[in-house]
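Here is the structure we will look at.
The values are calculated or read from the model by the stated rules, or taken from the named source; none is laboratory data. As the structure is a prediction and not an experimental result, all values here were calculated from the model. Reconstructed Cβ throughout: ideal geometry from the backbone, glycine too, with neighbour counts over all protein chains shown. Note: accessible area is taken over every heavy atom of the protein model, side chains too, but ligands, DNA and RNA are not part of it. Shrake-Rupley method; radii C 1.70, N 1.55, O 1.52, S 1.80 Å.
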Amino acid sequence: MSRTVSIDPITRIEGHLAIHIEIDSNRVINAFSSGEMFRGFEVILKGRDPLDAQQITQRICGVCSVSHGSASILAQDAAYGATPPKNGRLIRNLILGANYIQSHILHFYHLASLDFVDITAITKYTGRDPLLRDLKRWIKDQMSSNVIYSAAPFLPRYSAKYIQNTELNVLAIKHYLDALDMRSLAHKMGAVFGGKLPHAATLVPGGVTEKVTADKIAAYKSMISKLQTFIDKSYLPDVAEVAAAFSKYFRMGKGCGNLLAYGVFPESADNSVKLLPSGVVTGGKLISFDATRITEDVRYSRYSSSSGLHPSQGQTVPEPHKNGAYSWLKAPRYNETVMEVGPLARIMVAYLKGENQAIKDLVNGLLAKLRRKPEDLLSVLGRHAARAIECKVVADRCAEWVEELIPGEPTFHDFNIPETGEGVGLTEAPRGALGHWLKIDNYKIGRYQCVAPTTWNCSPRDDNGNRGAVEQALTGTPIADSKNPIEATRVVRSFDPCIACAVH
Ligand code: NFE
Ligand code: MG
């Protein structure tokens, strides 16, 4: 007899994601992923000045705001024929890079690590660190009070097997606290050229409005070097510890096995070379990416719009009570195929392409250390490992890009907004492939469509009935105790979902 378990909401993620799983003989036999809210940004943007778009779309999310701003200015660059000067391109990379570092550290420590680390181990702490002593007091209070555990993001929601070694747990908890400072530092670093964060003020078509000065370069450099130290000395080793303690998660949450990346961090003026390249992986083989192959189905989504449209023709007409629909996410597909997007997709595409020696060395080094094969990366732990590797690759390159800036040189090239026009901005948010499609009519926004990373990963079934990427990753997952389905939450969180973005 199967039973249905709902994890609603899955806490510690952004936005309201509900997961419904059917369990039979301690295994997930069916899964449904539901985005439980509607935002309406695509509707709000219609009829506005196109130059509002990069500011409004940044408000889709407080985590990957810079990515939405970037997708928007790339779409506008294309529509206006604007090309940023070198300083402008580098500064865009430096702001986005700061946001990647912030977001990846946030995900591992503050959204995911407490699925593996036992926070209650802090009650056994006997050392003198004042922050850890404060935390010990607070956790003891929480444990002895009548708080509803499922509502608290910090305390364990499920009784499950966490890391057993007290010393390791306490070290990870210390890094959890350090990570709060590191995220603040990454935001400050991004704000050197972004004006402020999380919603950057300086991103514009044609480049950026911030100027390059020697003191800004020095400020960025001093912050990136602290972040690099944290990534090397804490983040990567902590991911390796979790991987060693939970090695069976290299065999869990595999998912659809298809990976998609649009590519990000342009290294050339025409965007043809990128630090993290575009590509599609199916059946372990890398093929080139073609943006005309993207469509969005809505059979199981709460929209009355036509199904199967390319985003350049996309429609957003909400129908809250649509029969058979179970999510506010549309179902993006590539060549009618389900795709996983995110750091794992980017790192695998770069690894298979083989042109970036640093990525090859980092992946091979980690695989050798953990005695794993590349195909094992299609898993819960593979996603965490790929994110950490990517964090290092991006931070190390940021430290180089900042050296390439030239004080006094322009950061912006002017442009004219045409009466009619179209443009697409394809980039990568920390959680994966992100696209904005813009159409201009009579100098105003005629159509604006976004397809966000979590729309790909957490989509409901498509018109052919194929499950979305997270739904597939959940299916087959062993669940030892259906009252404590921690295995399912670990699978879902490995994708780092953000429903605020996904429904936009
Ligand atoms: Ni709200 Fe986002 C990222 C985007 S996920 S975090 O990264 O776009 O859909
Ligand atoms: Mg959309």
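Suppose the filter is hydroxyl-bearing (Ser, Thr, Tyr), modelled with pLDDT of 95 or more and touching a Phe, Trp or Tyr at 6+ places or on another chain (Cβ under 8 Å); does SER34 pass it?
Details: hydroxyl-bearing (Ser, Thr, Tyr): yes; modelled with pLDDT of 95 or more: yes; touching a Phe, Trp or Tyr at 6+ places or on another chain (Cβ under 8 Å): yes.
Yes, satisfied.
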Quiz item: If you take the residues of region 341-368 that are open to solvent by less than 10 Å² (accessible area, probe 1.4 Å) and not aliphatic (A, V, I, L, M), which of them is farthest from ARG431 (Cα to Cα)?
Solution: ARG346
Self-check item: Residues within region 274-303 that are surrounded by 13 or more Cβ atoms within 10 Å (Cβ to Cβ) and either within 16 Å of ligand 1 (Cβ to nearest atom) or hydroxyl-bearing (Ser, Thr, Tyr) (or both), tallied
Solution: 9
Exercise. Find the residue count for region 443-457, including only residues that are touching a Ser or Thr at 6+ places or on another chain (Cβ under 9 Å) and more than 13 Å from ligand 2 (Cβ to nearest atom).
Key: 3
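Of the residues TYR158, TYR176, which is in contact with a Ser or Thr (Cβ under 8 Å, 6 or more places away or on another chain), over 30 Å from GLU267 (Cβ atoms), open to solvent by 10 Å² or more (accessible area, probe 1.4 Å) and not in a helix (DSSP H, G or I)? Before the answer, list the steps.
Numbers: TYR176 fails: not in a helix (DSSP H, G or I).
Just one listed residue meets the conditions, TYR158.
Among the listed residues SER65, SER103, SER72, identify the single one that is within 16 Å of ligand 2 (Cβ to nearest atom) and within 25 Å of VAL402 (Cβ to Cβ).
On the way: SER65 fails: within 16 Å of ligand 2 (Cβ to nearest atom); SER103 fails: within 16 Å of ligand 2 (Cβ to nearest atom).
Result: SER72 is the single residue among SER65, SER103, SER72 that is within 16 Å of ligand 2 (Cβ to nearest atom) and within 25 Å of VAL402 (Cβ to Cβ).
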Self-check item: Members of region 202-242 that are of a type in the set (A, V, I, L, M) and in contact with a Ser or Thr (Cβ under 8 Å, 6 or more places away or on another chain)
Solution: LEU203, VAL208, VAL212, VAL242
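Residues that are within 16 Å of ligand 2 (Cβ to nearest atom) and open to solvent by 40 Å² or more (accessible area, probe 1.4 Å): does region 46-56 have at least one? Steps first, answer last, please.
Filtering region 46-56 for residues within 16 Å of ligand 2 (Cβ to nearest atom) gives 46, 53, 56.
If we keep only those that are open to solvent by 40 Å² or more (accessible area, probe 1.4 Å) too, we end up with 46.
For region 46-56, residues within 16 Å of ligand 2 (Cβ to nearest atom) and open to solvent by 40 Å² or more (accessible area, probe 1.4 Å): present.
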Practice problem: Take ILE21 and decide whether it is at pLDDT 95 or above, within 16 Å of ligand 2 (Cβ to nearest atom) and not in a helix (DSSP H, G or I). | Solution: no
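If we keep just the residues of region 225-254 that are in a helix (DSSP H, G or I) and among the aromatic types (Phe, Trp, Tyr), which is nearest to the chain's Cα centre (by Cα)? Steps first, answer last, please.
Restricting attention to region 225-254, the residues satisfying the condition of being in a helix (DSSP H, G or I) are 225-245, 247-250.
Keeping just the survivors that are among the aromatic types (Phe, Trp, Tyr) gives 230, 235, 249-250.
Details: PHE230: 20, TYR235: 17, TYR249: 20, PHE250: 20 Å.
Across region 225-254, the extreme among qualifying residues is TYR235.
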Self-check item: Members of region 308-336 that are crowded, with 17+ Cβ neighbours inside 10 Å, assigned to a loop (DSSP other than H, G, I, E, B) and more than 12 Å from ligand 2 (Cβ to nearest atom)
Solution: ALA325, TYR326
Quiz item: Restricting region 443-488 to residues that are under 21 Å from VAL43 (Cβ atoms) and open to solvent by 10 Å² or more (accessible area, probe 1.4 Å), which is nearest to the chain's Cα centre (by Cα)?
Solution: ARG447
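Checking the conditions here, which among ILE406, ILE417, ILE440, ILE499 is surrounded by fewer than 24 Cβ atoms within 10 Å (Cβ to Cβ), among the β-branched types (Val, Ile, Thr) and in contact with a Ser or Thr (Cβ under 7 Å, 6 or more places away or on another chain)? It would help to see each step written out before you state the result.
Details: ILE406 fails: in contact with a Ser or Thr (Cβ under 7 Å, 6 or more places away or on another chain); ILE417 fails: in contact with a Ser or Thr (Cβ under 7 Å, 6 or more places away or on another chain); ILE499 fails: surrounded by fewer than 24 Cβ atoms within 10 Å (Cβ to Cβ).
One residue alone meets the criteria, ILE440.
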Quiz item: When residues of region 281-296 are filtered for being part of a strand (DSSP E or B), within 22 Å of the chain's Cα centre (by Cα) and either within 23 Å of LEU45 (Cβ to Cβ) or free of Cβ contacts under 8 Å to residues at least 60 places away in the same chain (or both), how many remain?
Solution: 4
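Out of region 26-45, which residues are part of a loop (DSSP other than H, G, I, E, B), in contact with a strand residue (DSSP E or B) (Cβ under 9 Å, 6 or more places away or on another chain) and open to solvent by 50 Å² or more (accessible area, probe 1.4 Å)? Before you say what the answer is, go through the steps one by one.
Residues of region 26-45 part of a loop (DSSP other than H, G, I, E, B): 26, 36-40.
Filter again for in contact with a strand residue (DSSP E or B) (Cβ under 9 Å, 6 or more places away or on another chain), leaving 26, 36, 38, 40.
Those that are part of a loop (DSSP other than H, G, I, E, B), in contact with a strand residue (DSSP E or B) (Cβ under 9 Å, 6 or more places away or on another chain) and open to solvent by 50 Å² or more (accessible area, probe 1.4 Å): ASN26, GLU36, PHE38.
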Exercise. Filter region 179-196 for residues that are under 30 Å from GLU241 (Cβ atoms) and open to solvent by less than 40 Å² (accessible area, probe 1.4 Å) and give the result.
Key: ALA179, MET182, LEU185, ALA186, MET189, GLY190
Quiz item: Is it fair to say GLY342 is out of contact with any Cys (no Cβ under 6 Å at 6 or more places or on another chain), within 16 Å of ligand 2 (Cβ to nearest atom), of a type outside the set (D, E, K, R) and touching a residue at least 40 places away in the same chain (Cβ under 8 Å)?
Solution: no
